[in-house]
Structure formats: structure tokens, C-alpha cells
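The values are calculated or read from the model by the stated rules, or taken from the named source; none is laboratory data. Keep in mind it's a predicted model, so treat the numbers as computed, not measured. Cβ atoms come from the backbone with ideal geometry, glycine included; neighbour counts cover every protein chain shown. All accessible areas refer to the heavy atoms of the entire protein, side chains included, with ligands and DNA or RNA removed. Shrake-Rupley method; radii C 1.70, N 1.55, O 1.52, S 1.80 Å.
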Amino acid sequence: MLVTLPYEMPALVTTAPLDIHRSTVLPEWLDWNGHMNVAFYVLAFDKATDTLCAQFGCSFEYTRDKIGMTFVLETHVTYDREMRGGAAMRFTTQLLAHDAKRVHLFHEMYEAEQGYLAATNETIVMNIDYASRRSAPWPVQAAERLEAVWATHKDLPRPAKAGRVMGLAKK
């Protein structure tokens, strides 16, 4: 479906992986251990997903203007090193796969000043038709942009933490 969007899309970035989302650990995100609470890691990754969706024209305006929306179908977070209050965060995003309605992506969260990997997030996002609230193919503009990003991501090595299954190691 070709949709005439009533808003501007950002300039498309196709770096592999994408390196376009930045944030800061806010004071209200801290728990009693003095580091970012697990729930706010998910929020921070969700904002990185929003930045990715904006690249495809499927941002806040996409929903506000009742064109469509995106729903997360599944997510998996790993926590590698703590993030303290006020820390600058840098996110990279790699597309692992996509189809007519979904995108499978992998985020890495870095402590931006020290450069260490703090956490990862693997997510599947689906496009939703606003009126029916059912899955729907990506609008043409989104599909074209997704394909352009995929062209630069398809040959990247799969992240070691992608596709992990939770469980306790048997001794």
C-alpha cells in the first residue's frame, strides 16, 4: 500500500550496523543498587526501536495520524555490565531478518564514554493496520527503506547473543 505521509521522514541511514540512537541514564531510572533498573533497560531499547521505526516512516506520527502502528511480538534482553546514573548510552542496531510485516532486530547498548557493552536486546516488531489493529504489510515507503537497510545488513555476522535460549547450565 502506498501511503502519502503527512510528515517528513528523516534522511535514511544505512550504516551497518545502524549507529544513530543516543540516550542518557536518567535519575528516576536508578534502583536501590545505584544502577539502571531492568525495566528501564527495556524502555531504553524501546526508544532505540522507535529510532529505527522512524527510519521507515513508522514513528509516533505514523500512529498519531492513524495510518498504522508497530507492536513488539517478542523481546530478549541480556545484561552485561551495569549502567550508572547520568551515563551516556550509544545504541547500535542490526537487522537480522525481515518480511512483509515484521522485522527481527538486534540492539547493543554501550556505555558511550567508556565504550563497554552494557546490554543487548533482540526484538521482533510487527506492522499493524491502525483501523483493524491487525497485522498488515509495511507501507511501500517503509518496505523500500527496510530493503535498503537490509542490503547493508544482510551480510553482517550474526551477533553471538542472537537467538539465545534461557536456561541453567548443567554441571
Being in contact with a Cys (Cβ under 7 Å, 6 or more places away or on another chain), under 23 Å from Lys101 (Cα atoms) and not in a loop (DSSP other than H, G, I, E, B) is true for just one of Thr63, Thr70, Thr75, Thr49. Which residue is that? Thr70
For a quick check of your reading of the model, give me the residue pairs whose first member lies in the stretch 25-51 and is acidic (Asp, Glu), whose second is surrounded by fewer than 18 Cβ atoms within 10 Å (Cβ to Cβ), with beta-carbon atoms closer than 6 Å and at least 6 apart or on different chains. Asp31/Asn37
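Okay, residues lined up against (1) of a type in the set (Ser, Thr, Tyr); (2) exposed (fewer than 13 other Cβ atoms within 10 Å of the Cβ); (3) in contact (Cβ under 8 Å) with a residue 40 or more places away in the chain; (4) closer than 17 Å to Gln141 by Cβ:
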{"site": "Leu5", "(1), (2), (3), (4)": "no, no, yes, yes"}
{"site": "Thr15", "(1), (2), (3), (4)": "yes, yes, yes, no"}
{"site": "Gly57", "(1), (2), (3), (4)": "no, no, yes, yes"}
{"site": "Ile67", "(1), (2), (3), (4)": "no, no, yes, yes"}
{"site": "Gly85", "(1), (2), (3), (4)": "no, no, yes, no"}
{"site": "Lys101", "(1), (2), (3), (4)": "no, no, no, yes"}
For Glu147, which of the numbered conditions (1) open to solvent by 60 Å² or more (accessible area, probe 1.4 Å); (2) over 23 Å from Glu74 (Cβ atoms) fails to hold? (2)
Starting from residues that are part of a loop (DSSP other than H, G, I, E, B) and among the aromatic types (Phe, Trp, Tyr), keep the ones in the stretch 122-165 and report whichever is nearest to Thr15 (Cα to Cα). Trp138
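Would you pick out the residues in the stretch 64-90 that are under 17 Å from the mean Cα position of the chain (by Cα) and within 22 Å of Val149 (Cα to Cα)?
Passing the criteria: Met69, Thr70, Phe71, Val72, Leu73, Glu74, Thr75, Arg90.
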Identify the residue in the stretch 119-129 that is open to solvent by less than 40 Å² (accessible area, probe 1.4 Å) and free of Cβ contacts under 8 Å to residues at least 60 places away in the same chain and, among all such residues, is farthest from Leu52 (Cα to Cα). Thr120
Among the residues of the stretch 21-38, write down those that are aliphatic (A, V, I, L, M) and open to solvent by 30 Å² or more (accessible area, probe 1.4 Å). Leu26, Leu30, Val38
Among the listed residues Ala44, Ala16, identify the single one that is of a type in the set (A, V, I, L, M, F, W, C), at pLDDT 95 or above and in a loop (DSSP other than H, G, I, E, B). Ala16
Could you please let me know if Glu108 is open to solvent by 10 Å² or more (accessible area, probe 1.4 Å), touching a Gly at 6+ places or on another chain (Cβ under 8 Å) and part of a strand (DSSP E or B)? no
Could you please find all residues in the stretch 80-107 being within 24 Å of Glu28 (Cβ to Cβ) and in contact with a helix residue (DSSP H, G or I) (Cβ under 7 Å, 6 or more places away or on another chain)? Gly85, Met89, Phe91, His107
